Each structure stands twice: as C-alpha cells, then as structure tokens.
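Below is one structure, written out as structure tokens, with a few remarks after it.
The numbers here are math on the coordinates, done by the rules we state, and not lab data. Quantities reported herein were computed from a predicted structural model and do not represent experimental measurements. Glycine also receives a Cβ, built like all others from the backbone with ideal geometry; neighbour counts cover every protein chain displayed.
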Amino acid sequence: MIRSIVKSTNTLLKSNVAINSNKRFFATETGDDLLTFSLLSPHQTIYKDKKAQLVTLPGAKGIFGVAKNHVPRIAELKPGVIQINHENGDLEKFFISGGFAFVNPDASCYINTIEAVPVDQLDPNEVKNGLTRFTQLYNDAQDENSKAIALIGLETHQQMAFACGVSA
Amino acid sequence: MNSASKLFVALASPANQRNMATLKDLKIRLGTVKTISKLTKTLHMVASSKLRSAEKKAEESGPFSVGPQKILGAVTSSDAFNTTTEAPVEERSGKQLLIAITTDTGMCGPVNHQIIKTIKALLKDDGKQEILVSTTGLKGVAPIVADYPNQFLISGRDFGKADYSFPEVLLFLNEIISKVPNYDSALVVYNKFKNALSYNVDRQFIPGFNLLELNRDKFYEYMTSEDRAATMKDLSEFHLASSFWTGLYQNRASEMAARMVAMDNASKNGESISQALGLQYNRARQAMITSELIEIVSGASAIESSD
Amino acid sequence: MAGQYWRAAGITYLQYANICGTHVRNCLKEPFKAVAKNREGFISNTVLYKNGKEASTIVLNAELLQKEVLTKKN
C-alpha cells in the first residue's frame, strides 16, 4: 500500500506531480482518483462528501496531504492552513484554529475544526498586533502557566501571520 | 296595576335576575376562553416555526460527531476496566460523568421526565457511587439533588438560551472535566429527535483516555504521525464535546416538538371548553326566554281573568 | 506532542481549543468578525454544587472567553 502522506511543507505545494504519480497505483471501482471528504465546524458544514484531488492539513509534525487512499489515520490538527485542491483544479485555503482529521478504512475522510475561515478573511493588522502583544506577554511571563497561555497566543498568531503574509 | 307594569314586574322578578347574572357570567367566561384559545393558537404557530428551525439545526449539526464516533464508538460501556488486567496509563478517578441535557422551563411534555427517569435508574444501580451528574438545565436539578445530593456536580442556567454556541459548550464542559480529571468515561443523555411525535432518550457513551488506551488494539489500524497517546487524550475530550454538541440540538428539537404538542392540546382543550360554554350559554339564554314567556303568559291570563 | 506544554501547565484540550478559536475570531476582518462574535454572545450561569447545595456560580460570557486567552484559569 503506498502511503500518500507527505510531511514536508513547501515541497508539497510544488510536488503535486509526485503525488499524482503515486495515485496511479490506486485502483478504484468508480475509476476516479478523487478523495471524498467532509469539512465541518460546529456552526457550519463547509463541505459534506465533497470530491477533491487533494487536501493538505496542518498536523502536529507539519503539513501532510490526504488524497484518495485507504490508509486509516487519526491526526490532531494545529492552528494553520487547510488547502483544498478541488476536482476542477481550483485551489481553496482555509485557516483553522485546530481540530482533528480522520481517514477511515472505507476511505471516508472527516475533518473536524473549531473555527475555519477563508484565509482572506484574516485581518493582517489584527494579526500583527496580536503577534506583538503575545510575543511581549511570552517574554514577560514569569511562571509556567503564564508562559503556556502566552505561547498558545503566540503560536496561533504566528500561524495566522504566515497564512496572511504578515512578516513576523 | 295595568298589564304593562305587571309585565315589567314579571321581568324584574328575582328568578329572572338570577338568570341574567348567570348569563352575564357565562358571557365573560366565554370571552376569556376565546382569548386563551387565540393565545394558545398563536403560541402553537410560534412553537411550530421554532420546531422547524430546531429540526433544521439538528440535521445540520449531526455530521459533527460522526468522525470521532465512527472510530471511538468501538469502545463501549462493556469494555470496562474489569475486563483487563493491564494497569491504566494515568491514575483512575473511578468516576463516570453523567451529563444530562434538560431544559430550564417546563410545559414540554415528557422531555425532562424521560431524562430524569433514566438518570435515576442508572443512579439506583450505582452502588459504588461512581456516577457524578451534571445538567444543562434547571429541570434536571431538584429531582436528582433530592435523592443523591453528593453525586450532583454542576448545572447550567440559561445555557444555550438563544442558540447553542460551541465556545460556551467548551467552557461548560471544561468546568465539569476540571472537577474530575482522569474521568473513566462520560455518558451524554438526551432526547433523540425522530419526528414531531417521536423523541426517545438516547445515551452516548464517551470513553475516557484510560479506557481508550487500554483498548488501543481496537484502533491498531489507524496510524498517527505524532505522539499517539497525547492525540488520543485530546481526542477523548473532543469526542465528548462533539457528541454533547449534537445531543444538544437533538434535545432542543425534541423540546420544541413537545412544546408544540402541549400548545396543541391546550388549544384543543380551549376549543372544546369554548364549544361547551357556547352551548351552555345558548341553552341558558333560551331557558331565560322561555321562563319570561311563561311569566308573561301566566301574568296575562291572570290579568285577563281579573279583568 | 509528548507532554504538550499546555497540558503540563494544567490546561485541558477543551480550554486549549477554545483559546485558539477565540484568537482566530479576534483576528477577522469586518464584517466577518461581527458574524463570528455572535458565537460569543452567550450569557449563562454555571452553578457548582457541593453536598446538594449551590456552592458557587460562574458566569459564562464573552468576557470570560477573552479573559482566558490572557491568563490561566485557576
């Protein structure tokens, strides 16, 4: 079974060709090479049983991709960007605050998020201010607890900054 | 005395005055019942539209618990700690969190009663007092606290009043799990909505982290690229939140359906009382007319015979 | 994620997830921010019981959410 899970970050975006060539080895009943996934937040079902070529997700150890495959997986997601390579070739990006991704033996894929927003809905000014604020809070923190809270803010804002093009 | 004044005396007799009073009372009562009927009809319409919107929300929120449930549902209440000799990863609390979804206000049929009945049955069988109860609404508090005062943790008031909100859910659930770290398992108890006339109690079993680890062979085929134990611990909490979330909307739809039935019954009762009163009023009116006629006729014949 | 720093500080996943979500909502452009802030519009009371009696009450609202992104709850 060929694992279509890729861990690198920038190389992934450039290596769609590499992934597609792996997909030649997946035999399907329907003959399509498409992943079926659902992207859910508590207040909104963004996509349900939607077909796509590839979905890349922000995992704990970096970005990984999920294409049509049967490798079951449980992944905890960190704050970061979900990128969807749609059936028609369109690219769509959401920033998520975190959540989980599940790939089941029946190839169904559920992505549960808490907040999922189109990347262009992030406000670069707010992100920049937040980044400054939590960097300061982290540096000033005296005890383990304050450092932890500040670090959550810092990491989240760092990821948002990366997503909407704000330089740290 | 002339015949005209005899007529007026007859009409003003005490018997007739009594009848007039009864008629007036009846008329007032009829008016009140008709107003109440209008009110319940309006409330029914409101309840009906609230039900439609609650049904829609229940349907939309359903998929949110599917992902975790599909996988973690493999561990059930029968996969308890006593089925294995392996030691738990973290120190056990020996507690099960029972989170019951009840409402703040009544007039919603069997919705709260069913839940309370279920909780009481579970508590009755819980000799070791491992169950700790929390409720989202006021109605679930008094009946449980009365009999099991040491097993009641937390209750929400005005929880999700306008609409449910996930940040609020996370705050609420965190209050519960902070009190009982390393809970063995949780049980979400709610009314599952089938249709406007059918909603029964469902219990969603949520295994705690220890239980998940002891049963990790059930998930052996699922790989993770990160620290598996840490992921499963986080997931066990998320699983609780996602199942609770969908349970809230199921229960609300059930609540709205029950309120609509209550309004419906009140309306129908109002209708039938209104009809009965209407009949009574007409009969009373006819009886009064008849007795007036009798008095007039007998008065007239008395006048005739005395002329 | 062995011993994530926030677990070690006594923060649960539910708290962690809530804090991250609040950060994202705080950084939205209008009008999306207003829509997201509706999700923070709740006000409810969480009553803690001890031995069958009301012991303390915590108000759940947007203020509490914003507070939790800055300081650890004890």
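General remarks:
- Residues in region B:255-295 that a label on B:T32 would reach, taking backbone N under 20 Å of a point 7 Å out along Cα→Cβ: B:266-285
- Region C:5-68 - Rg and Dmax from Cα coordinates, angstrom: 14.9, 48
- Label-zone membership for region C:12-46, site A:N129, 7 angstrom Cα→C-beta point, backbone N under 11 Å: C:27-28
- Unsatisfied cross-links (Cα-Cα over 27 Å) in the set B:K194/B:K218; B:K128/C:K72; A:K50/B:K70; A:K128/C:K72: B:K194/B:K218; B:K128/C:K72
- Taking 7 Å steps out from each Cα toward its Cβ at B:M45 and B:E90 produces label points 5.3 nm apart.
- Inverse mean reciprocal Cα-Cα distance (Kirkwood Rh) of chain B, Å: 23.9 Å
- Exposure proxy for A:H43, C:H23: other Cβ atoms within 10 Å of each Cβ, ordered fewest to most, give A:H43, C:H23.
- The 3J(HN,Hα) values that the Karplus relation (6.51, -1.76, 1.60; θ = phi - 60°) gives for region B:177-193 are, in residue order, 6, 5, 6, 10, x, 6, 4, 5, 6, 10, 9, 9, 10, 7, 8, 8, 7 Hz. Gly and Pro appear as x.
- Whether region B:160-207 is rounded, prolate or oblate, judged on the alpha carbon gyration tensor where a/c under 1.5 counts as rounded: oblate
- Long-range amide H partners of B:K192 with built H, under 5 Å: B:N200, B:V201, B:D202
- GluC sites (Glu not before Pro) restricted to region B:160-251 and DSSP loop, no more than 14 other C-beta within 10 Å: B:E221
- Using alpha carbons only: equivalent-ellipsoid semi-axes of the protein assembly as shown, gyration tensor based, whole Å: 63, 27, 24
- Value of Rg to Rh for region B:233-307 (Rh from inverse mean 1/r over Cα pairs, i.e. Kirkwood): 1.74
- Arranged from fewest to most other beta-carbon atoms within 10 Å of their beta carbon, B:T290, A:T135 become B:T290, A:T135.
- Choice from C:L60, C:L14, C:L28 showing the highest fluctuation, given a GNM over chain C with Cα pairs closer than 10 Å: C:L14
- Partners for B:K56 among aspartates and glutamates (Cα-Cα distance below 18 Å; same-chain residues under 8 apart left out): B:D163, B:E255
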